[in-house]
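Single-structure report; data block below.
The values are calculated or read from the model by the stated rules, or taken from the named source; none is laboratory data. Fair warning: this is a prediction, and the values are worked out from it, not measured in the lab. In this analysis, Cβ positions are derived from the backbone assuming ideal geometry, glycine residues included, and neighbour counts consider all displayed protein chains.
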Amino acid sequence: MIAPVKTLALAFGFCLISLSAAIAEEVDPASKWINAFAWIQTGDKLVAAEQWPLALGSYMEAHMQLKKVAAEHPDYEPEIVGYRLERLEESMAFMEEQLTAGDHDITMGWVDFIETLEKGQEQRFANDFESAFDTLDVARTLLEEIIAGNPGSFEDAVATQSEILTESLEWLDSQINFRQSMKRTAYVDDGTEWGTTKYVKESDLPGSNNSTVPNSMLFPGGAEPVAVVEEKEEKEEKEMPAEVKEKPARIGFRMSSKQKSASPENE
């Protein structure tokens, strides 16, 4: 039984790959046909592993999808679609005979899982990540309930599909968290003026000529060139009284109140 289980796992992987490719592309009768045929192949592998309830559920899903193709696209390969529908109906009748007590509930649970899985994949490829995550999380719960009903057999049969579903949920979770972090770090204008950056060209800088006046953009508060400052100082010195000019400057020291009272000038 080990070899069929491995083959079954590969079939599940092929089913999901085909499903993703069909959803990612524009929905047309050809892509719908490929998706339905993938479930037929999955059912065939489950029959080989004698997983009758799961095989019946896979055939039921394929039959439903092909019925939609026939109804919505009657001109698309009507002979091939009709042939597959007849074969599926024969296979489903055979599967019904193989079911035992309780198997019908497993089949219905498996069909619910498939439909939920496909809905989640459609939402994912439509970039509705949050809805896809919620839907696929429901699909995981359905799959866990199926496995719990027969853990020794079903867990091995759906191991690959369970792993792919888990990886899809982890990827969606990372995308949702990334989007939320981008929203939190987005810039919000609170009206605060933080200043601006102004590029200064070489022509804006003061030159070596003393008569050059620096650009006022560099000195918002105003600035005078060195030549103007020196001219002001020379003018002030000429206007200063002679006694002030001749009186030598005395270096003074700050004294405390006691020193000031003891000073000869105060006697």
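Filter the stretch 156-165 down to the residues that are modelled with pLDDT of 85 or more and either closer than 18 Å to Asp103 by Cβ or under 17 Å from the mean Cα position of the chain (by Cα) (or both) and list them by number.
Matches in the stretch 156-165: none.
Do we find that Gln161 is under 30 Å from Asn177 (Cα atoms) and surrounded by 17 or more Cβ atoms within 10 Å (Cβ to Cβ) in this structure?
yes
Are any of the residues in the stretch 1-15 part of a helix (DSSP H, G or I), within 15 Å of Val111 (Cα to Cα) and at pLDDT below 95?
Yes, some residue in the stretch 1-15 is part of a helix (DSSP H, G or I), within 15 Å of Val111 (Cα to Cα) and at pLDDT below 95.
Against the definition (assigned to a helix (DSSP H, G or I), crowded, with 20+ Cβ neighbours inside 10 Å and of a type in the set (Asp, Glu)), how does Glu61 come out, yes or no?
yes
I need the full set of residues from the stretch 42-55 which are more than 13 Å from Arg87 (Cα to Cα) and either among the charged types (D, E, K, R) or not in a loop (DSSP other than H, G, I, E, B) (or both), in order please.
Those that are more than 13 Å from Arg87 (Cα to Cα) and either among the charged types (D, E, K, R) or not in a loop (DSSP other than H, G, I, E, B) (or both): Thr42, Lys45, Leu46, Val47, Ala48, Glu50, Trp52, Pro53, Leu54, Ala55.
Mind listing just one residue for me: the one in the stretch 45-98 that is without any contact (Cβ under 8 Å) to a residue 24 or more places away in the chain and of a type in the set (Gly, Ala, Ser) and, of those, farthest from Ile34 (Cα to Cα)?
The selected residue is Ala93.
Just one of Ser31, Ser58 is of a type in the set (Gly, Ala, Ser), at pLDDT below 95 and over 23 Å from Glu97 (Cα atoms); which is it?
Ser31
Looking only at residues that are among the polar types (S, T, N, Q) and in a loop (DSSP other than H, G, I, E, B) in the stretch 86-128, which one is nearest to Gln65 (Cα to Cα)?
Looking at the filtered set, the residue picked out is Asn127.
Does any residue of the stretch 124-131 turn out to be closer than 19 Å to Ala38 by Cα and of a type in the set (Lys, Arg)?
no
Select, from Ser174, Ser216, Ser203, the only residue that is at pLDDT 75 or above and either surrounded by 16 or more Cβ atoms within 10 Å (Cβ to Cβ) or not aromatic (Phe, Trp, Tyr) (or both).
The unique qualifying residue is Ser174.
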